[in-house]
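Heads up: the structure comes next, in structure tokens.
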Amino acid sequence: MARDTGETNGRANRTMENIAYIRQMLAELRMVAENEGAEMLCYLIEMAYVEAGDVQSGRRSLSINHAQRDKATRMPF
């Protein structure tokens, strides 16, 4: 069981590091959008930035119930 706990903690740490990285990139993207005068992009990026901060602080869970949400269809990956 100790190994499972270590793996879980490692994954949780990696997840939080990834959220911190995403938040940092969003801050940079916000500056680019502002310099270009893209007000709607600024707003949307700010919302994502706030969301990432809420996840980092524990005020919001990482994800919502997957059974009750619609998949994003327009984002190419």
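Please treat every number below as a calculation from the coordinates, not as lab data. Remember, it's a predicted structure, so these values are computed and weren't measured experimentally. Here Cβ is always computed from backbone atoms with ideal geometry, including for glycine, and neighbour counts include all displayed protein chains.
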Could you calculate the contour length gain from Gln24 to Arg74, that is, 0.36 nm times the residue separation minus the distance between their Cα atoms, to one decimal place in nm?
-> 15.6 nm
Would you mind computing, in nm to one decimal, how far apart the modelled labels at Ser63 and Glu7 are, each placed 7 Å from Cα along Cα→Cβ?
-> 1.8 nm
Amide H neighbours of Arg60 at under 5 Å, excluding residues fewer than 5 places away on the same chain, with H built from the backbone geometry, are Val55
Ranked by Cβ crowding within 10 angstrom, fewest neighbours first, how are Arg11, Arg60, Arg23 ordered?
-> Arg11, Arg60, Arg23
